[in-house]
Structures are given as structure tokens and as C-alpha cells.
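Novice: Got a structure here, written out as C-alpha cells. Questions coming.
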Amino acid sequence: MRGYCKITPHFWIWARQNSLNPGDIAIAMYLMTCPESNMLGLYYLAIPSLAHFTGLDLEGATKGLARVCGTGLASFDAPSGYVWVHNAATWQMLDGGAPLKHDNNRSKGARNSYRDLPNNPFLGEFFDKHAINLGLDARRLQAPCKPLATQEQEQEQEQEQEQEQEQEQEQESISVALAPPGVKDPLPGRVQEVWSHYRSHHSRCTQGLKSGSKDYKLIAARLSDGHTVKDLVQAIDGYHVSRFHCGLSPESRDGRKHQALGLILRDQQHVVSGIGYLEQSEDPATSTILTGKTRTTIDSGAAWVAKKQAELERQETGNE
């Protein structure tokens, strides 16, 4: 995550000229300043995160993003999930509009960042627009992006991950990894803290993790990304309050749950989404994290009460 970014005061004039409503202004500001953004203005945009941080629902965030892109500020490719804020690189790296010299540190940084970008539909256009000003020297090919997996495909992948995890846990006797004698390494303790919280939702999981296990490496990778133990704990809780991931929403096929650790901590975007699910719950500050079975019981009870109330109302109407 960047420590800061530059925003031109002309932003407000532009917003006024384009008659943006407050929600659209929040979206435009998010595109330029969000945690996922970079100095190139070309990055993966998670719509749930956009909705969470702007205070909009998913439909409102999606429609608002389309309106903001319609002003020419940015382009969004839904299949790949990438957004390009067209002039962000100019705002962030050019002083006075003069092109950067090739040996300038910002030019070197731009070349490295452009080279390291994952494949997306905007690579060629970005190079054509900014190559001279930023000192880019190699136009990247624009191979077709692989569309995001459908919900059904993602569910199948998650099930496979859950099965692999269960098989590993049955076959291995896992012990807690400890730091070498004399070396103060807080990582194993933090990994174990996250794993213990995950186990609070899945009691059949084994108690400890060894440093070479898949789950240990996964937790360690997200901690190395800069996330705190609290972040990962909140992400885990988020996937356990999300009705879809609990298998309780109409979109959930056959009521299957999608709460494997490999999904929750797959990458930084999934962590951010999990935190968003938690904060979008009815009362995240005070609510108890409920299991899918408990939620089903509550929903069934509520349906029964509603049915009985309807029967009583019909009886009262008949008596009158």
C-alpha cells in the first residue's frame, strides 16, 4: 500500500462539470486513492471493496463505477477486474508536465511497475499514452485476459481445496513450528494465533501447524503482505457471516459452504473482501459469529413465527 498519493485541486471542478452525485464523487476519489491503487493507476479493482469503502451497495457501486468511467476518468474491464485511471500516472509522477529523464528514479520505478503488472487489457494503451512521458522502453503484448471464474467454477475449486485440506489433516500429525534457539521470530506465534481462530469455526481441524504445511505458508504469506493478525481474523469472520459463503443465499448451489482457508487467504483481495463482509454485517461490533447450522435454525424459526402470525391474522379476520 502506498504511503501517499497526489490529488489535483481541479478534481472538484471536474466533478462539478460532470454533474457527479456524492456517490459518484466517492467512487472517483476511491479510484485514485484506494489501497489497491498504484502510481500507474492500473490495478485490480475488487467491487466488494469499492462498495464497502464508499458505503454503497454492490448494485450502486457497479452502476456508479460505470457512470464515472463514462466521464473518461477511467476504464474498467469486468472480465479481468482491472481498472485504468487514465491520467493517474501523470498526476503522480510528472512535475510541471515535463517528461521524465530515463535515469530518473521515478522513470525507473515506472518501468519496473509496468513490467511487473499482471496481464490485463490496458497494457498496450497505457504504453501508447505514457511511454514518452514516463520513459517506458518495452511495450508489452496484450494477450487476451482469462475471464474471472463463474460462481459455479469457483465453488468447485473451493470444494477441491477443502477436500485436499481435510486429506492433509488426516494424513499428517501436525506440530506447532517453533523458532530456532536464540532467534526471536514472532511469525510462528502469529501464524498459530490466526490458525487457532480459524479452528474456532472448524473444530475438526488439527491444533498445530508445521512450517512446511500449505496452511502455514498461506497465513505467513498474508502476514508478509503487511496484514496484521487482526486483519486475518476479521477476514475469517467475514466469510463466516456472509450468507453466500455460509451456503444460505439463493446463489449458493445446494447450500454448500465456501469457507476454506485457501479461499479466505488466497490473496490480498480476498482478505479485504472478507473484512468487508464482516463490516457489512448487521452489527459487526456486537454480533456473535454464527455457524451456518445456527443461522439455518434461526431462519427456520423466523419463518415458523411468520407463518403462525399469518394464521392468527387470518383467524382474526374470519372472526370479524
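The values are calculated or read from the model by the stated rules, or taken from the named source; none is laboratory data. Just so it is clear, the structure is predicted and the values come from calculations on it, not from any experiment. Neighbour counts are summed over all protein chains in view; Cβ atoms, including those assigned to glycine, are modelled from backbone coordinates with ideal geometry. With ligands, DNA and RNA removed, areas are computed over all heavy atoms of the protein, side chains included. Shrake-Rupley method; radii C 1.70, N 1.55, O 1.52, S 1.80 Å.
Novice: For residues that are among the hydroxyl-bearing types (S, T, Y) and within 15 Å of the chain's Cα centre (by Cα), scanning just the range 246-301, find the one that is modelled with the lowest pLDDT.
Specialist: Y277
Novice: Right, something else. Applying the selection to the range 197-239, what residues are open to solvent by less than 30 Å² (accessible area, probe 1.4 Å), closer than 22 Å to L278 by Cβ and assigned to a loop (DSSP other than H, G, I, E, B)?
Specialist: C205, H227
Novice: Within the range 115-125, track down each residue that is crowded, with 16+ Cβ neighbours inside 10 Å and either in a loop (DSSP other than H, G, I, E, B) or in contact with a helix residue (DSSP H, G or I) (Cβ under 7 Å, 6 or more places away or on another chain) (or both).
Specialist: L117, N120, P121, F122
Novice: Tell me, please, whether a residue that is under 20 Å from F122 (Cα atoms) and either in contact with a strand residue (DSSP E or B) (Cβ under 7 Å, 6 or more places away or on another chain) or basic (K, R) (or both) can be found in the range 3-22.
Specialist: no
Novice: Next up: Applying the selection to the range 5-39, what residues are more than 20 Å from the chain's Cα centre (by Cα) and under 23 Å from P118 (Cα atoms)?
Specialist: Answer for the range 5-39, where residues must be more than 20 Å from the chain's Cα centre (by Cα) and under 23 Å from P118 (Cα atoms): just C5.
Novice: So if I check each of E160, E154, E164, E170, which one is of a type in the set (D, E), assigned to a helix (DSSP H, G or I), at pLDDT below 85 and open to solvent by less than 90 Å² (accessible area, probe 1.4 Å)?
Specialist: Only one candidate passes the filter, namely E154.
Novice: To continue, here is another question. Which helices (runs of 4 or more DSSP H) does the range 1-113 wholly contain that include 2 or more residues that are out of contact with any Cys (no Cβ under 6 Å at 6 or more places or on another chain), open to solvent by 20 Å² or more (accessible area, probe 1.4 Å) and touching a residue at least 60 places away in the same chain (Cβ under 8 Å)?
Specialist: Those helices (runs of 4 or more DSSP H) span 47-54, 88-93.
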